[in-house]
Amino acid sequence: PAPTVSRRLLNLAWSGVRGTCTASGAVGLSAFGLVICPYVSRRAPLDEASREALQEDLVQISALDSGDLLTAQDIWSAISELRALAFSFHDLQRPFCFSIFQLLGRFTFACYSDASGVMTLHEFQCAVHKMVDLALELHSQTAESTGEVRAAAVRELTSIVVPGLFRVLDFDQSGDIGTHEFIRGALLLLATVQGAPLDTPQLADLAFRVVDADGDGLVTVAELKKWVALALEHEVVDKELQSEARGPFGLFGVRMLTPEQLASKWLREADVDRDGKLLPDEFQILAPRLRIHRVIASMAGRFAARLPEQ
């Protein structure tokens, strides 16, 4: 009799737990549907034309890269091993993933934008900081990495990239952006961090804006030097480009160039109008050597678990 009574008590307790969870879930979903969804729809609207424009950006970026989409086996392996999916911007080509990405973007925008429905540079930087931190947390390579180390890496990455990205998105230079621009920025940043090539106009413009630190539309030798130093630090510059011959025909051998020397040399070679600064068209001459996207991907790759091979 005792086992029967115990079993009934356990069944009764389990039924109570399930009932509580079901009720809590129903309340949570109801609250989300009644409160959160209208708030997001009101604060972060996204019309059909904007969705199509985002889809077009994704198609153009993905067309020039060779990343693989997640398969059912990949998803099942991640679930069975209780680990995060190695998600990339390529997977956004799946309609379901793209819809989830847009919803998450709208929710984030609604949380960080102001009451007028726009987002300033400071708000944008805070939102991107949280998104990058979450992405690197999910794809952390080293379990022993401390929160302080990762936080420092996220601050470094966002402080370098976000101002330029904001200038790309803020077409009218009004100082704020809307929902569509924010989600587009998240897409460009995700593609850049994961090593997408700069052959598309979207990412090529981002590289120039990132290097143009003061946003005046010109790249100076000081601005270029900063990124040349980062490119050398992250070893994305070809070895033969880091040296030059000494004397006629290299009679006295070769010398390795410092970041200052290399930046000055590259600027002279690309400066068509000889004004000592680079316009966007002139910057494109040296962009393949500088490989901004590789630098950004390398910075994120210190903690990211899956970056496309270059």
Quick one: in the stretch 180-202, which of the residues that are open to solvent by less than 10 Å² (accessible area, probe 1.4 Å) and of a type outside the set (A, V, I, L, M) is modelled with the highest pLDDT?
182
I need the full set of residues from the stretch 256-272 which are free of Cβ contacts under 8 Å to residues at least 12 places away in the same chain and open to solvent by less than 80 Å² (accessible area, probe 1.4 Å), in order please.
258, 261, 271
Counted residues in the stretch 114-146 being in contact with a Leu (Cβ under 9 Å, 6 or more places away or on another chain), at pLDDT 85 or above and among the small types (Gly, Ala, Ser) come to 0
Options 111, 97: the member that is open to solvent by less than 50 Å² (accessible area, probe 1.4 Å), under 27 Å from residue 49 (Cα atoms) and at pLDDT below 90
97
Here are some conditions: (1) open to solvent by 90 Å² or more (accessible area, probe 1.4 Å); (2) modelled with pLDDT of 70 or more; (3) basic (Lys, Arg). Residue 83 meets all but one. Which one does it not meet?
(2)
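The values are calculated or read from the model by the stated rules, or taken from the named source; none is laboratory data. Every value quoted in this text rests on a predicted model; they were computed, and no experiment measured them. With ideal geometry, Cβ positions are generated from the backbone for all residues, glycine too; neighbour counts draw on all protein chains shown. With ligands, DNA and RNA removed, areas are computed over all heavy atoms of the protein, side chains included. Shrake-Rupley method; radii C 1.70, N 1.55, O 1.52, S 1.80 Å.
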